[in-house]
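Heads up, the thing below is written out as structure tokens.
What follows draws every value from the coordinates through simple rules; no lab data is involved. Note that this is a predicted model, so its numbers are computed, not measured. Cβ: placed from backbone, ideal geometry, glycine included. Neighbour counts: every protein chain shown.
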Amino acid sequence: MYVGEQDYRVETIADADDRLDANGGSILTFWQAQDKARDVHKAMSGEAGKVAGAYTVKEALEDYLQWMEGNRKSSKDARYRAEALILPQIGDIDVSKLTAKQIRKWHSDVAKTAPRLRTKAGKEQRFKAIDDDDNPESIRQRRATANRVLTILRAALNYAWREGKAASDREWRRVEPFEDVESARIHYLTIAEAQRLVNASSGAFRDLVQAALQTGARYSELARLRVEDFNSDVGTLTIRASKSGKGRHIVLTDEGQELFDQLKTGKARIDLLLTTEPGGVWEKSHQFRPMKEACKNAKIVPAIGFHGLRHTWASLSVMNGMPLMVVAKNLGHSDTRMVEKHYGHLSPSYVADAVRASAPRFQTVEKSNILPMQKDA
């Protein structure tokens, strides 16, 4: 191990438990050996004793969130989830005394918690009623939420460990997330449904809907766009800060360029491209009510959320043959993993072509004179 930057030392701490059972002293398990190695390293480097006194989960989260605020764009969401679902249950526990069993119980309890509803400041928090605890989709959604919150907790605890405020990361490394819960069915609009939605929208909200369909950008990204972010010479939009904290360029179609040319007309370079009807900023949640009304008027059933317009752009692009890496780049992902996960099944593929060309036909489906109604008619 390295002690300092240049001094490398080798020291035997115990035998492995390959042939004999571990006894905690001369024979150690893998986990015991890791803990012992860290203790030896701290002793040799003079760091022993630095982890002292109570350091709670709440303090660990606060330190991590402060770091996030300077390094990540998604710190606001992480803080909201931490305050709602971590601190009330385990915030007062000393990190050095936090056990895997406690984390597993907390994780399980979060998965059983009903989704929170928007509640006015100062009022008692309201929760969505769970009509059927056995509903598979409801269970999947709550477990997926629990996994996302577990990720925040682990990140905070790992940060504390790296900063020397926790002696070991063994306990939380032993906690596994729920499996197979992230594969939500992506809801996207057909071209005809998208046209109906645009026609059912009006004024400033219509501009916002069209901008989302033309770019695949997030609501918060669209709300911050300024005239100077649109380059009409090359047909691109500059997203200066996305969810990950990194900027990107969105390439527009000729139709998209025409839309943004109209949106910038008569505005100064620093003006917002998209504003509310009175000329204000599209703030958080401003899109909920007009989106619900537009879906109702357009007869979009089930109704789609504003974020579904991002899914619509991505889904239709993939089905039209756009390479997944290009889709990922325009959406702001660093690689194709998220795109493959959510949209990969929509992409034309060798497997799909081969199955449809070579799988057996049994000639047992009887012809019917009943034709399905065209849902987009």
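Please report Rg over Rh for segment 256-377, where both radii come from the alpha carbon positions and Rh follows the Kirkwood definition.
On the way: Rg = 20.8 Å, Rh = 19.0 Å.
Rg/Rh for segment 256-377 comes to 1.10.
Go through segment 60-68 residue by residue and turn each phi into a ³J(HN,Hα) via Karplus (6.51, -1.76, 1.60, θ = phi - 60°); whole Hz please, and just put x for glycine and proline.
With coefficients 6.51, -1.76 and 1.60, one gets 4, 5, 4, 4, 5, 5, 5, 5, 4 Hz.
Work out, step by step, the length gained on full extension between Val326 and Arg174: first 0.36 nm times the residue separation, then minus their alpha carbon distance; give nm to one decimal.
Stretched fully, the Val326-Arg174 segment lengthens by 51.0 nm.
From the phi angles alone, apply the Karplus equation (6.51, -1.76, 1.60; θ = phi - 60°) to segment 348-356 and give each ³J(HN,Hα) in whole Hz, x where the residue is Gly or Pro.
For segment 348-356, the Karplus curve yields x, 9, 4, 5, 4, 5, 5, 4, 5 Hz.
Of Lys58/Lys97; Lys105/Lys284; Lys97/Lys165, which sit over 23 Å apart, Cα to Cα?
Those over the limit are Lys105/Lys284.
Given R₀ = 51 Å, what would the calculated FRET efficiency be for Lys105 paired with Arg356, taking r from the Cβ atoms and rounding to 0.05?
The value I calculate is 0.60.
Given H placed 1.01 Å from N in the peptide plane, which residues other than close sequence neighbours of Gly332 have an amide H under 5 Å from its amide H?
Hits under the 5 Å cutoff: none.
Using 1/(1 + (r/R0)^6) with R0 = 30 angstrom and r between the beta carbons of Ser220 and Met319, what's the FRET efficiency to the nearest 0.05?
E between Ser220 and Met319, to the nearest 0.05, is 0.70.
Extending each Cα 7 Å along its Cβ direction at Ala167 and Glu283, get the distance between those two points in nm, one decimal.
Result: 4.9 nm between the two label points.
Between Ser368 and Thr238, with labels modelled 7 Å along Cα→Cβ, what's the label distance in nm to one decimal, could you check?
Going from the Ser368 label point to the Thr238 one covers 5.7 nm.
So what are the ³J(HN,Hα) numbers for segment 327-335, from phi and the Karplus equation (6.51, -1.76, 1.60; θ = phi - 60°), rounded to whole Hz, Gly and Pro as x?
4, 4, 5, 5, 7, x, 8, 6, 8
Report the residues of segment 307-342 in range of a label on Glu182: point 7 Å along Cα→C-beta, backbone N strictly under 16 Å from it.
Those under the cut-off are 333-342.
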